[in-house]
Amino acid sequence: MSLDLIGHTQDGGYFGLDHAKTLLDPALHIQTILLTCTHNHGGPDTIGLWGASPASDGKFSLYLQFVDQQVAKAIILAAHALVPVRRKLGVTNPSLSPSLVDMQTRTDGRPPHFFDDELRVMQFVKTQFGKTGTVVATLVNWNTHPESLDDENTILTSDFPDSVRSTLEEKYGGTAIYVSGDLGAVEIVGDNNRSTRSTFDGREFPVVPDNKSVTFTFARTEAIGRDVVWQGLSAM
């Protein structure tokens, strides 16, 4: 399971994965839960990074408990929808992936050659009689911070992973999942002046000097997500 949040915790006392587990039906016999976060910078503060003052953090208890309820609900729905499947796997060659060129950019946090630039795709297809070939789920794993909108954005968003998922679900059906890999200091092409790329999904999004709201639009973010999808599909 992947959450469009900056992070989550195993046990936060009144919230966290351990709390979500208490909401599950023991009859489901669920033993292992894999929970990850995209490290999206456009969601609520779930780990206490941005408080109103140095003496407080930005967590909101009722929202965090709501997250746990939704986690439990998703697990229960998935458990009741289990079907036999076969897997299709794909991986990009970063040097031969034109849609991904200059999408990952570096800050000064780590040496520029220490990062994973592959994009991986896993698709699960039904093998039931009469339903063979029906896509159950498609998972994309890539390694860059979902922050294609500028750092002054104040609108809640899951950034480009939403476009990745919606594009895949429209094309294949089933459920699409985006999982961030090792992020380190890898940023999506944005306002850190590390990339001159301005064309995404065949459309030009020119940089407007001193105007972030015009440069870093939702249309641009959605186009970035589609470029990620096209490259992933070519690898399958």
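Remarks
- Test: residue in segment 45-67 that is outside any loop (DSSP other than H, G, I, E, B), under 18 Å from the mean Cα position of the chain (by Cα), at pLDDT 85 or above and in the same structural domain as L156 (by TED's automatic domain parsing): no
- Q104 vs. criteria modelled with pLDDT under 85, crowded, with 18+ Cβ neighbours inside 10 Å and touching a Ser or Thr at 6+ places or on another chain (Cβ under 9 Å): yes
- Answer residue from segment 52-82, given it is in contact with a helix residue (DSSP H, G or I) (Cβ under 6 Å, 6 or more places away or on another chain) and free of Cβ contacts under 8 Å to residues at least 60 places away in the same chain and is farthest from T22 (Cα to Cα) among those: A79
- Scanning segment 3-31 for residues that are of a type in the set (S, T, Y) and modelled with pLDDT of 90 or more yields a total of 2.
- Selection count where residues are within 15 Å of Q104 (Cα to Cα) and in contact with a Ser or Thr (Cβ under 6 Å, 6 or more places away or on another chain), scope segment 120-148: 2
- Residue list for segment 29-44, filter: exposed (fewer than 12 other Cβ atoms within 10 Å of the Cβ) and over 18 Å from the mean Cα position of the chain (by Cα): H29, Q31, T32
- The criterion of being touching a Phe, Trp or Tyr at 6+ places or on another chain (Cβ under 6 Å), farther than 30 Å from N153 by Cα and at pLDDT 90 or above holds for V85.
- From the options E152, E170, residue that is assigned by TED's automatic domain parsing to the domain that holds G90, surrounded by fewer than 15 Cβ atoms within 10 Å (Cβ to Cβ) and modelled with pLDDT of 95 or more: E170
- Matching option when the condition is farther than 24 Å from E147 by Cβ and surrounded by fewer than 16 Cβ atoms within 10 Å (Cβ to Cβ), among A20, A55: A55
- Total residues in segment 126-145, condition at pLDDT below 90 and closer than 15 Å to L183 by Cα: 3
- Total residues in segment 68-107, condition assigned to a loop (DSSP other than H, G, I, E, B) and closer than 22 Å to G7 by Cβ: 1
The values are calculated or read from the model by the stated rules, or taken from the named source; none is laboratory data. Please read these numbers as outputs of a predicted model, since none were measured by experiment. Neighbour counts run over all protein chains shown; Cβ positions are idealised from the backbone, glycine included.
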